[in-house]
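Q: One structure is given below, represented as structure tokens, and several questions about it will come after.
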Amino acid sequence: MTAVTGLGVLLEVQNCDTQLSQLAHRLAHLVERDLLVEAKTKVLALQKQMSDLQQQAETAKAEVGAIEALNKKHDAMIAKYSQQLKTVIAPREAEALQHEIEMAQSERSQNDDRELALLETIENLDGQITVLRLEIERHKSSVGEATKAFEAVANLCQVEKQNIETNRAGIVAKIDTKLVRLYEAKRAKRTTPAVARLNGTKCQSCHLDLSVVELGALKKLGADEFAECPNCDCYLVV
């Protein structure tokens, strides 16, 4: 099989590459991807919020535990001083013991108030955590649905990509390898098409018009020379 050497067939390769580029852009900007990211972000935010609340609840419970331990010490101290109070005779000693009992009772009363406030806080936090847990499960369901929707569209794009790549490979196989290398080298240096058609006087890559002189120069090219746009340097299919 004789290798094709004309620029016309390179335009077919360029069309495939343009389709692949457009497909990659479309895949990167899928609405389904944005919805999936949004759903995942919401779940993470809710989980962070619940983690913060759980930490607050654990801190409050730890403080309740510390208060209960401290109150046991106060109870033991009150019992001890009360027992001693029954046996002392000296007024000053009895007064000192009574003062210690009153101090312990006062601190215990303050601890009881603090414990009640903490228990109320814990109950409130547990309620919020329960609500958040349900909300997280609901949003996780949304993540699952968004994942399925994204994967379905992504799979279709992948099939389309494979079809285009197969078509491109079939075209490239027919082209002279030197011509392919020239095309790839030029394409690597640009973001616009490396091969375009000359439509009237306008290059379809840069969309600029060629002057009469430039058009005349293209007509004078030899059979083995490749036309190039004087404005953007792409290969031109005249």
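The values are calculated or read from the model by the stated rules, or taken from the named source; none is laboratory data. On a predicted model such as this, the values are computed, not experimentally measured, just so you know. Cβ coordinates were reconstructed from backbone atoms using ideal geometry, including for glycine residues, and neighbour counts include every protein chain displayed.
Q: Please specify each residue of segment 215-228 satisfying the condition of being over 18 Å from Thr192 (Cβ atoms) and either in contact (Cβ under 8 Å) with a residue 24 or more places away in the chain or in a helix (DSSP H, G or I) (or both).
A: Taking segment 215-228 as the starting set, the residues that turn out to be over 18 Å from Thr192 (Cβ atoms) are 215-225.
Result: Leu215, Gly216, Ala217, Leu218, Lys219.
Q: Restricting to segment 155-177, count the residues that are free of Cβ contacts under 8 Å to residues at least 40 places away in the same chain and in a helix (DSSP H, G or I).
A: Taking segment 155-177 first, the residues free of Cβ contacts under 8 Å to residues at least 40 places away in the same chain are 155-156, 158-159, 162-163, 166, 169-170, 173.
Remaining after also requiring in a helix (DSSP H, G or I): 155-156, 158-159, 162-163, 166, 169-170.
The qualifying residues number 9.
Q: Something else: I need the full set of residues from segment 186-205 which are over 16 Å from Asn15 (Cβ atoms) and in a strand (DSSP E or B), in order please.
A: Within segment 186-205, Lys202 is the sole residue that qualifies.
Q: While we're looking at this one, here's another question. Counting just the residues of segment 57-81 that are out of contact with any helix residue (DSSP H, G or I) (no Cβ under 6 Å at 6 or more places or on another chain) and of a type in the set (Gly, Ala, Ser), which one comes out surrounded by the fewest Cβ atoms within 10 Å (Cβ to Cβ)?
A: In this case the residue turns out to be Ala69.
Q: With the condition kept exactly as written, say whether any residue in segment 176-191 is more than 28 Å from Arg26 (Cβ to Cβ) and of a type in the set (Lys, Arg).
A: Looking through segment 176-191, at least one residue is more than 28 Å from Arg26 (Cβ to Cβ) and of a type in the set (Lys, Arg).
Q: Any residue at all in segment 147-166 that's more than 30 Å from the chain's Cα centre (by Cα) and more than 24 Å from Leu44 (Cα to Cα)?
A: Taking segment 147-166 as the starting set, the residues that turn out to be more than 30 Å from the chain's Cα centre (by Cα) are 166.
Then drop every residue that is not more than 24 Å from Leu44 (Cα to Cα), which leaves 166.
Checking segment 147-166: at least one residue is more than 30 Å from the chain's Cα centre (by Cα) and more than 24 Å from Leu44 (Cα to Cα).
Q: Contact list please: Cβ distance under 7 Å, first residue in segment 62-85 and over 14 Å from Asn111 (Cβ atoms), second residue surrounded by 12 or more Cβ atoms within 10 Å (Cβ to Cβ), pairs at least six apart or on different chains.
A: Cβ pairs passing all conditions: Tyr81/Leu97; Tyr81/Glu100; Tyr81/Ile101; Ser82/Ile101; Gln84/Leu97; Leu85/Ala94; Leu85/Leu97; Leu85/Gln98.
Q: Residue check: is Lys178 closer than 23 Å to Leu11 by Cα and in contact with a strand residue (DSSP E or B) (Cβ under 6 Å, 6 or more places away or on another chain)? Spell out the reasoning first.
A: Values: closer than 23 Å to Leu11 by Cα: yes; in contact with a strand residue (DSSP E or B) (Cβ under 6 Å, 6 or more places away or on another chain): no.
No; evaluated as a whole, the condition is false for this residue.
Q: While we're here: Taking the condition of a type outside the set (Ser, Thr, Tyr), modelled with pLDDT of 95 or more and closer than 30 Å to Ala66 by Cα, does Val159 pass?
A: Values: of a type outside the set (Ser, Thr, Tyr): yes; modelled with pLDDT of 95 or more: yes; closer than 30 Å to Ala66 by Cα: no.
No, not satisfied.
Q: Here's a follow-up. At pLDDT 95 or above, aliphatic (A, V, I, L, M) and within 30 Å of Ser106 (Cβ to Cβ): does that describe Ala45?
A: Values: at pLDDT 95 or above: yes; aliphatic (A, V, I, L, M): yes; within 30 Å of Ser106 (Cβ to Cβ): no.
No; evaluated as a whole, the condition is false for this residue.
Q: Can I ask one more? Can we say Leu23 is over 21 Å from Leu119 (Cβ atoms), in a helix (DSSP H, G or I) and under 25 Å from the mean Cα position of the chain (by Cα)?
A: Working: over 21 Å from Leu119 (Cβ atoms): yes; in a helix (DSSP H, G or I): yes; under 25 Å from the mean Cα position of the chain (by Cα): yes.
In short, yes.
Q: So which of Thr166, Thr147, Thr130 ends up being farther than 30 Å from Asp52 by Cβ, out of contact with any strand residue (DSSP E or B) (no Cβ under 6 Å at 6 or more places or on another chain) and of a type in the set (Ser, Thr, Tyr)? Before you say what the answer is, go through the steps one by one.
A: Working: Thr147 fails: farther than 30 Å from Asp52 by Cβ; Thr130 fails: farther than 30 Å from Asp52 by Cβ.
None of the others qualify; the one that does is Thr166.
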